[in-house]
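Just below is one structure, and these are the notes that go with it.
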Amino acid sequence: MMRRDFVKLAAAGAAGASMAWPRNAAAGRVNRTAFKLKYAPHFGMFRHHAGDDPVDQLKFAADEGFTAWEDNGMAGRSVEEQERLAKAMSDLGITMGVFVVNMDTAWGATLSSGAADARDKFVDACRKAVDVAKRVNARWMTVVPGTFTQRLTLDYQTANVVDCLRRGAEIFEPHGLVMVLEPLNPWRDHPNMFLTTIGQGYQVCRAVNSPACKILDDLYHQQITEGNLIPNIDRAWEEIAYFQVGDNPGRNEPTTGEINYRNVFAHIHGKGFTGIVGMEHGNSRGGKEGERAVIDAYRACDSFGG
């Protein structure tokens with residue numbers, strides 16, 4: 001290659017990079033091209049780069065091209081902190097993802113039991129969640145129905161869960177909010193849970209019959225429980241409102257395990273999914289190197305065409 005041609009190509013490449021990664025001069029930061037899907041990190045995932053302040057972590061993520069965020073424990077933060085984080089996300093163009101509605105009771109014998117006190121606690125948590133959601137501009141909230149109730153057949157348990165969720169839907173629906181039910185794997189992380197498969201979640205959502213009750217398809221859990229990820233996505237598509245990911249084994253970033261996340265992401269993108277993909281996993285390596293590996297993994301899996 002002639003030297004002058006090389007110089008021209010290098011200049012063109014630099015110009016392209018400048019367009020893709022414009023520098024935020026005021027903040028001294030570089031803004032990367034946004035991802036095709038709304039991948040949502042969580043607090044702590046990038047703390048080695050950004051420090052411990054949650055707002056600084058949001059800024060770092062936005063600079064790297066992330067346009068969503070999630071925080072399971074958002075409802076437990078002070079009102080002042082919720083408002084501070086909401087303002088930062090709004091300023092940065094970050095969409096708030098899920099927080100957990102019933103964090104205090106999710107892993108107990110709750111909705112499946114039919115007990116009045118369990119139902120009342122859930123309804124109260126839903127009412128409180130409305131205020132949190134409005135404060136932090138959230139639309140989706142995770143609901144975990146709780147454990148399997150011994151000495152009660154699955155049919156009765158399902159009816160109890162549906163009844164409770166209908167009560168929750170009555171609270172959320174007028175506000176345009178959506179509770180997303182998360183099936184959890186019973187073989188490794190969460191034994192004895194009531195809700196375990198996407199098909200079961202589909203059945204429950206159909207029975208509740210409300211736009212305020214949908215499925216959170218956590219592909220890490222579903223790879224362990226049943227596999228067959230893409231066919232199950234297709235079968236339950238109209239009831240799925242949210243995804244979470246983590247590779248298996250290890251529950252770390254994509255590319256560290258057996259799931260072909262590039263194909264999965266391409267599939268849901270091709271189906272027109274515009275919601276959030278929560279990054280509910282750990283980092284396979286520590287420090288800044290590990291954080292950069294997470295970002296690189298999402299860049300690689302987001303590199304599908306279209």
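The values are calculated or read from the model by the stated rules, or taken from the named source; none is laboratory data. This one's a predicted model, so the numbers in the text were calculated from it and none came from an experiment. All Cβ positions, even for glycine, are placed from backbone atoms using ideal geometry, and neighbour counts span all protein chains on display.
Just so you know, in segment 244-256 the residues that are out of contact with any Phe, Trp or Tyr (no Cβ under 9 Å at 6 or more places or on another chain) and part of a loop (DSSP other than H, G, I, E, B) include one that is farthest from Pro183 (Cα to Cα), and it is Thr256. Which number in (1) part of a loop (DSSP other than H, G, I, E, B); (2) farther than 19 Å from Pro211 by Cα; (3) of a type outside the set (Phe, Trp, Tyr); (4) touching a residue at least 12 places away in the same chain (Cβ under 8 Å) marks the one condition that Arg151 misses? Answer for Arg151: the failing condition is (4). Looking across segment 85-114, the residues that are of a type in the set (A, V, I, L, M, F, W, C) and modelled with pLDDT of 95 or more come down to Leu85, Ala86, Ala88, Met89, Leu92, Ile94, Met96, Val98, Phe99, Val100, Val101, Leu111. Quick one: would you say Glu258 is touching a helix residue (DSSP H, G or I) at 6+ places or on another chain (Cβ under 9 Å) and under 15 Å from Ala40 (Cβ atoms)? Considered against the rule, which asks whether it is touching a helix residue (DSSP H, G or I) at 6+ places or on another chain (Cβ under 9 Å) and under 15 Å from Ala40 (Cβ atoms), Glu258 comes out as no.
In segment 118-163, the residue that is surrounded by the most Cβ atoms within 10 Å (Cβ to Cβ) out of those that are closer than 26 Å to Leu58 by Cβ and of a type outside the set (A, V, I, L, M, F, W, C) is Thr142. Within segment 57-67, identify whether any single residue is closer than 29 Å to Val162 by Cα, out of contact with any helix residue (DSSP H, G or I) (no Cβ under 8 Å at 6 or more places or on another chain) and crowded, with 18+ Cβ neighbours inside 10 Å, and answer yes or no. No.
Per the listing Ser78, Ser90, the residue uniquely surrounded by fewer than 19 Cβ atoms within 10 Å (Cβ to Cβ), among the small types (Gly, Ala, Ser), out of contact with any strand residue (DSSP E or B) (no Cβ under 8 Å at 6 or more places or on another chain) and without any contact (Cβ under 8 Å) to a residue 24 or more places away in the chain is Ser78. Taken together, Cys205, Cys213 contain a single residue that is at pLDDT 95 or above, over 17 Å from the mean Cα position of the chain (by Cα) and closer than 21 Å to Leu111 by Cα, which is Cys205. Just a yes or no: is a residue in segment 223-243 within 22 Å of Phe43 (Cα to Cα), within 19 Å of the chain's Cα centre (by Cα) and not in a strand (DSSP E or B)? Looking for residues that are within 22 Å of Phe43 (Cα to Cα), within 19 Å of the chain's Cα centre (by Cα) and not in a strand (DSSP E or B), one finds none in segment 223-243, hence no.
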